[in-house]
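A short worksheet on the structure shown next.
The values are calculated or read from the model by the stated rules, or taken from the named source; none is laboratory data. The structure presented is a predicted model; accordingly, all values stated were derived computationally and were not measured. Every residue, glycine as well, gets a Cβ built from its backbone with ideal geometry; the counts of neighbours run over all protein chains shown.
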């Protein structure tokens, strides 16, 4: 899984170098497919069934008010955009999954703070998680750091277990709910999870666009998304999708 995660990291780094005004999300998708194949990996997202039919892209490319599952296409990246890219692959039967958010040029300081808060929530999960903890202890700290900065944790979409399949049990929320407290997750040695905080500038409410895939904030305000694949080991958390 570490080898699959390394490919995810390399592909996202390559796409980050391409994210400038004038580039289309289709160009990013084309490069992700080409580079992933060059590295010997199988893309995870393309062909996944959904309400809008099989997902057509290798990446999810979500801009500004788009939270997740944005379909790559003709949309041109512009100055001041917030661009979230999610990419996953399988290598030798095992999966890796990660997402990064970039800001293009100079954005409003509040937007930058929102992006930073999202990344900080993921960093907290990496820092505090350890074998034997309950996930609610981690999710509580993630939620508190986001809300203390005045932003909202999106609740309709959460992280997940990952291994031979992209989506495995358990579901891994970025917030504390009654459901989580009732059925909490113990971070046992060997557990591998994809932790992916999604944060909105305004309301956490989201809706699905007519394409049957793209999720947007109901109030049209920007959102951000970060994700890493994390392995729980006796010596601490290993970030499998890090450099």
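Picking from 193, 215, which residue would you name as being more than 15 Å from residue 97 (Cβ to Cβ) and at pLDDT 95 or above?
215
Answer yes or no as to whether residue 139 is under 27 Å from residue 22 (Cβ atoms), buried (at least 19 other Cβ atoms within 10 Å of the Cβ) and at pLDDT 95 or above.
So residue 139 does not fit the description; no.
Scan the range 159-186 for residues that are surrounded by fewer than 20 Cβ atoms within 10 Å (Cβ to Cβ), over 17 Å from the mean Cα position of the chain (by Cα) and assigned to a loop (DSSP other than H, G, I, E, B) and jot them down.
164, 177, 183, 184
Going by the structure shown, is residue 131 assigned to a loop (DSSP other than H, G, I, E, B) and either in contact (Cβ under 8 Å) with a residue 60 or more places away in the chain or farther than 20 Å from residue 66 by Cβ (or both)?
Yes, satisfied.
Would it be correct to say that residue 12 is touching a helix residue (DSSP H, G or I) at 6+ places or on another chain (Cβ under 9 Å), under 15 Å from residue 96 (Cα atoms) and touching a residue at least 12 places away in the same chain (Cβ under 8 Å)?
yes
Of the residues 127, 144, which is closer than 21 Å to residue 200 by Cα and either surrounded by fewer than 19 Cβ atoms within 10 Å (Cβ to Cβ) or at pLDDT below 95 (or both)?
So the residue among 127, 144 that is closer than 21 Å to residue 200 by Cα and either surrounded by fewer than 19 Cβ atoms within 10 Å (Cβ to Cβ) or at pLDDT below 95 (or both) is 144.
Check residue 142 against each of (1) over 30 Å from residue 92 (Cα atoms); (2) touching a strand residue (DSSP E or B) at 6+ places or on another chain (Cβ under 7 Å) and name the one condition it does not meet.
(2)
Going through the range 61-81 one residue at a time, which ones are within 17 Å of the chain's Cα centre (by Cα) and either surrounded by 22 or more Cβ atoms within 10 Å (Cβ to Cβ) or in contact (Cβ under 8 Å) with a residue 40 or more places away in the chain (or both)?
Across the range 61-81, the qualifying residues are 61, 62, 64, 65, 66, 67, 68, 69, 70, 71, 72.
Return the total of residues in the range 43-60 being surrounded by fewer than 21 Cβ atoms within 10 Å (Cβ to Cβ) and either farther than 19 Å from residue 227 by Cβ or in contact with a helix residue (DSSP H, G or I) (Cβ under 6 Å, 6 or more places away or on another chain) (or both).
Qualifying residue count for the region: 8.
Going by the structure shown, is residue 203 loosely packed, with under 15 Cβ neighbours inside 10 Å, more than 16 Å from the chain's Cα centre (by Cα) and modelled with pLDDT under 95?
For residue 203, the condition - loosely packed, with under 15 Cβ neighbours inside 10 Å, more than 16 Å from the chain's Cα centre (by Cα) and modelled with pLDDT under 95 - is not met.
Residues that are under 25 Å from residue 243 (Cβ atoms) and either touching a strand residue (DSSP E or B) at 6+ places or on another chain (Cβ under 6 Å) or at pLDDT below 95 (or both): list the strands (runs of 3 or more DSSP E) wholly contained in the range 1-115 that include at least 3 such residues.
It comes to 59-63, 82-91, 94-103.
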